[in-house]
Amino acid sequence: MDFFLNTLQNSDVRALLKGAVLPPSLNIWVGLLGLLLSKKFPKIGRLLIFFSLLLLYLLSTTFGELALSPSQNIARPLDIQVLVRNIERGEARGESPQAIVILGGGRYGYSPEYHARGTVSDRTLVRLRYGAKLHRETGLPVLVTGWGEPYEQELGEVQMMANVLTEEFSVPVRWIEGNSRTTAENALYIGKMLLPQGIDHIVLVTEVGHMARAQEAFLRNGFKVMRAPTGYGGGVYASDGGSTSILKRLTPNAETFRRNVFYLHERLGTLWYRLAALWKQFK
C-alpha cells in the first residue's frame, strides 16, 4: 500500500490512472468488455453495454449533475460583507481570517497569443480573479499555490499565477508555494509555511466542485477554513436552474458531461484521501 501511495505521487501516473478510470474511458472499457463477453455470456455482455451507455447518458444530463454536484452547504457563496465584518470585529481577538489562499487549477502548455509557451488555464484564471476581488474587499494578504516546476515552459504554474495577479489584477502576492502537485500537498506544504507564523485561519479560494476535497485537506492539516467557492458555471447553479424543463433535463449536453466528470473526479479524490488517511492510522 505504501508503494502504491508513493507511486501515485508521480503526476504522469496520476494522469494515466485518471484517464483510464474516469468517463469517457470508463464507458469505453465497460462497453468493449460487454462486446467481448456477448458471444459466450450474452446476458452479461448486454448488461455491461447497457450500463456503459446508461452511465454516459446520465453523466450528460442534469439528473447526473443533481446527484454529483456539491451539497448546498459547500456550494453556498461567500458573503463578502459578513467576511469584512468578521475581520473588523475579530482582529483584536485573533479570530478573523488571516490570509487568502488561491489553489492552482492547471495551466496551458502553449499560448502563442500571449507570446509565451504557457499560461494559466481557464480554471486557474477563474480562481485568481475571485481571489483578487477578495483581496481588494478585505485587504488580506494572498498566497498562491501550485506546481512550480517549469517542465519545457519558461515558468511553472505557480509563477504564472503570481504574474497574473500582480501584472493583470494589480494584486500583490505575499507567499508563493510551488512544491505541491496535488490538493493534499497544497495543504501540507502551506501548513509548513503558514502555521509556524501563527497563521491558521484562511479564506480558501477554489472552484465550487473542488471545494469539499480542498476544505477537507486543509482541515486535516490544522487550518480553520472559510470557504470562498467560485466557478459555478451554470448547470444546477444557474439562476433558472429550478425552472429548467424536463425536456432540457433529459437532453444530453457536452458541457454538462464535462462538469459531471469533474464532480465525479472530486468525489473519488475525497474518497481516496480518506482511505489513505485510514491506512496511515492503522498500518
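The values are calculated or read from the model by the stated rules, or taken from the named source; none is laboratory data. Computed from a predicted structure; not experimentally measured. Heads up, the Cβs are rebuilt from the backbone with ideal geometry, glycines too, and the neighbour counts pull from every protein chain shown.
General remarks:
- Condition check for residue 212: closer than 26 Å to residue 56 by Cβ, among the aliphatic types (A, V, I, L, M) and touching a Pro at 6+ places or on another chain (Cβ under 7 Å): yes
- Residues that are of a type outside the set (Lys, Arg), in a helix (DSSP H, G or I) and modelled with pLDDT under 85, drawn from the range 228-271: 235, 236, 237, 241, 242, 243, 246, 247
- Checking 134, 56, 35 one by one, the residue that is touching a helix residue (DSSP H, G or I) at 6+ places or on another chain (Cβ under 6 Å) and part of a helix (DSSP H, G or I) is 56 and no other.
- Of 217, 184, all but one fail to be over 26 Å from residue 114 (Cα atoms) and in contact with a Ser or Thr (Cβ under 7 Å, 6 or more places away or on another chain); the exception is 217.
- Restricting attention to the range 215-232, the residues being among the basic types (Lys, Arg) and surrounded by 17 or more Cβ atoms within 10 Å (Cβ to Cβ) number 1.
- Among the residues listed as 55, 78, the single one being surrounded by 13 or more Cβ atoms within 10 Å (Cβ to Cβ) and touching a strand residue (DSSP E or B) at 6+ places or on another chain (Cβ under 8 Å): 78
- Answer from 225, 171 - the residue that is closer than 16 Å to residue 144 by Cα, in a loop (DSSP other than H, G, I, E, B) and either assigned by TED's automatic domain parsing to the domain that holds residue 134 or of a type in the set (Ser, Thr, Tyr) (or both): 171
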